[in-house]
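Asks: Got a structure for you, written out below as structure tokens; questions coming shortly.
The values are calculated or read from the model by the stated rules, or taken from the named source; none is laboratory data. Source: prediction; values computed, not measured. Note that we place each Cβ from the backbone using ideal geometry, even for glycine, and neighbour counts take in every protein chain shown.
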Amino acid sequence: MARNVNRIPSRMPVKHMQTFQVTMPVSTHRRPATCTEVECPQQARGWKMKIDLRTDLGQAQGQYIKHQSGRSYVATKLEDGTFELVFEPGQTCFAQHTVSLEREANYLVRKGDHRTPGSKARRHVSAEDWVDEFAANQAKLKEIIEKG
Amino acid sequence: MAKINGLALTTLSVDNSAGTPVDVRNDVTNFEFATPRAVQETTGVDKSAMERLLLLADFSITLNGVFNAVTSHLVFRTVSSTSVLRTVSLAHASQTLANECLFTDYSIERGDDGSLTWESPGVLADGTVPTWGP
């Protein structure tokens, strides 16, 4: 899941850190959904998009939209050579929507932090146990710091 | 405790830029809270590290999710343009963990399968140790 994001660098060595984690992966906890199910604003209000037919991507997009998508739109050529497409409301958008399957999350504890994304995790069988371990760690930290 | 949306965690909310908590559970696929380990199993723990443990609190959070233009996007889209502190609240049964956080990024990425996902990291904005409590 590592991607390049802007973080304030951690100051504590990673070996002294641990991560309490709740995961609901898309592959196991979500299913595809329609625009109607998610109250998609693009379906409700319509949407605009720009394509550049001078690029391979733009040509592929244009081919799909014109010949396969089945959507209604109005195309306008812009001064910069691109095309603006305005799609009418009431049509399914091009996004892939998902909704939760309402499955219990995975409650994990692993060594390290974002610097060790593949570290081995322990899985708690219940949220209660996960919260208990998390709460105990935080209470102990507070006690240590207050004692000085 | 009845589960809401399949989560025994009954609350996972993040303040928007106006300070209003927004329930983002439906959009979140991963939530991480990194914290120092209170019990250091290894012997010979570096003295400077322990001193820092006593003096500083190193905590960070990371949220990952699926793009939702009407919920989580409205919360995190202002991360790059504002420096407001946001309360992140996590609750299970009668226990709540609430932290004032400063988010430092909201990164949206389109996967090879066409999915649109986001990641937003943050750090705790005050010096108190986050604890669970009623």
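Asks: Identify the single condition in (1) out of contact with any Leu (no Cβ under 8 Å at 6 or more places or on another chain); (2) β-branched (V, I, T); (3) loosely packed, with under 13 Cβ neighbours inside 10 Å that A:V86 does not satisfy, given that it satisfies every other one.
Replies: (3)
Asks: Name the single residue that is nearest to B:T10 (Cα to Cα) among those in region A:26-63 being in a loop (DSSP other than H, G, I, E, B) and free of Cβ contacts under 8 Å to residues at least 12 places away in the same chain.
Replies: Only one residue fits best here, namely A:E39.
Asks: If you scan region A:108-120, which residues turn out to be closer than 27 Å to B:N26 by Cβ and either at pLDDT below 95 or part of a loop (DSSP other than H, G, I, E, B) (or both)?
Replies: Those that are closer than 27 Å to B:N26 by Cβ and either at pLDDT below 95 or part of a loop (DSSP other than H, G, I, E, B) (or both): A:D113, A:H114, A:P117.
Asks: Please go through region A:1-40 and give me each residue that is surrounded by 14 or more Cβ atoms within 10 Å (Cβ to Cβ), more than 19 Å from A:A95 (Cβ to Cβ) and more than 8 Å from chain B (Cβ to nearest Cβ), ordered by number.
Replies: Once the filter is applied, which keeps residues that are surrounded by 14 or more Cβ atoms within 10 Å (Cβ to Cβ), more than 19 Å from A:A95 (Cβ to Cβ) and more than 8 Å from chain B (Cβ to nearest Cβ), region A:1-40 yields only A:V14.
Asks: Still on this structure, please answer the following. Say we look at region A:41-76 and pick out the residues that are surrounded by 12 or more Cβ atoms within 10 Å (Cβ to Cβ) and basic (K, R); which of these is farthest from A:T92 (Cα to Cα)?
Replies: A:K50
Asks: Taking into account only those residues within region A:120-144 that are more than 7 Å from chain B (Cβ to nearest Cβ) and touching a residue at least 40 places away in the same chain (Cβ under 8 Å), which is farthest from A:V22 (Cα to Cα)?
Replies: Filtering first and then ranking leaves A:E133.
Asks: Then there is this: Here are some conditions: (1) over 27 Å from A:H97 (Cα atoms); (2) crowded, with 17+ Cβ neighbours inside 10 Å; (3) more than 8 Å from every other protein chain (Cβ to nearest Cβ). B:D126 meets all but one. Which one does it not meet?
Replies: Looking at each condition in turn, B:D126 falls short on (2).
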